[in-house]
1. Looking at the chain as a GNM with Cα springs under 10 Å, which of LYS174, LYS63, LYS140 has the largest mean-square fluctuation?
2. Testing the spin-label approximation: label points 7 Å from Cα along Cα→Cβ at GLU186 and VAL222. State their distance in nm.
3. Please work out the C-alpha center-to-center distance from the range 134-153 to the range 1-29 and express it in whole Å.
4. Compute the label zone of ALA268 within the range 139-176: residues whose backbone N is under 16 Å from the point 7 Å along Cα-to-Cβ.
5. Could you compute the FRET efficiency for TYR41 and LYS62, with r as their C-beta to C-beta distance and R0 at 25 Å, rounded to 0.05?
6. So, counting K/R as plus one and D/E as minus one, what does the shell of residues with Cβ under 12 Å around GLU291 add up to?
7. Among LEU110, LEU127, LEU39, determine the one that fluctuates most according to a GNM of the chain built with springs between C-alpha atoms less than 10 Å apart.
8. Which of the trypsin sites (Lys or Arg not before Pro) found in the range 25-60 are in a DSSP loop and have at most 13 neighbouring Cβ atoms, other than their own, within 10 Å?
Amino acid sequence: MELRHLRYFIATAEEENVSRAALKLHVSQPAISRQIHDLEYELGFQLFERSAKSLKLTEAGKKFLADAKTILQFTDDAVKNAKAVASGARGEIHVGYAPSLTVKILPPTLRAFQAQFPNVRVALHDLSGEEMLARLREEKLHVALTVLPEKETARGLQHQELARHAVCVAVAPKHPLARSKSVKLEQLVNEPLIGFRREEYPGYLDFVENIFAPLGRAPRVVEEHDGITSLLAAVEAGRGIALVSEAVACLVGPRVKVIPAAGVPPVAVVALWKKGAVTALVEKFVTAALESAR
């Protein structure tokens, strides 16, 4: 039994005439008659009571008609839903993000994306850099918004640069440097540094060491945290300073002073996805992120 058998049967039942059904479906009358006979043969019972002028459904035919319509409706819905997912009009996308880097980019990206695709669910995941890379490779994330990883750790992934953020120093409001417009590295090398845990952010401490390499030494790390919220709380409490993205200023208000670090190259914020796993939704989301960053 094929779907065309059901379509021919439904049209014939509704028209109660093979000729009218043939005109409705734009096929020949013999073709419909043959398909109806084949369907009855396969089912093992008659669907119509035939007379010289018309066709009438048998009781079994009436029941089969209702179920046949349901089957075709399900089939049509399945095709429409699949086309919607394929085109990006419907579905679900999992997005990993680093809060301290994406606080300016993510909200307008979500607004733009959801305005274009209101029927797509965006699931957000606040993760460390290592977790994002792992989940991208496992295809548990579709795309991640984070700092550009080293080439060795980015194997198998593609990226699109979204923005470049200046590196800043976060200090408590009463810190001696709090009123500075910018800070030189020489002023920071003797300060106690609050950083991210190596387990979750293995590249962070290397990043710090590279920044201070020209001075021959780096600040002493006194605390390590697994997220930006606890790190900023420690800075606010006066337990040390931290190197952060300029975007962090949006998170802290007057609680913490965020001061540009002079002579430090900016940090690239990128959208990452797995090679070969790009979908229409990923492409549209990355485009929305790029336009929002601009």
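Where a number appears in this text, it was derived from the coordinates with a stated rule and is not lab data. These numbers come from a predicted model, not from an experiment. Glycine gets a Cβ as well: all are built from the backbone with ideal geometry, and neighbour counts include every protein chain shown.
1. Maximum among the listed residues: LYS63.
2. About 2.3 nm, to one decimal.
3. Here the answer is 53 Å between Cα centres.
4. Correct set: 144-167.
5. On the way: r = 19 Å, r/R0 = 0.78.
Efficiency at R0 = 25 Å is approximately 0.80.
6. Working: positive: ARG111, LYS284, ARG294; negative: none.
In short, +3.
7. LEU39
8. On the way: sites: ARG34, ARG50, LYS53, LYS56; in loops: LYS53.
Here the sparse-neighbourhood loop sites are LYS53.
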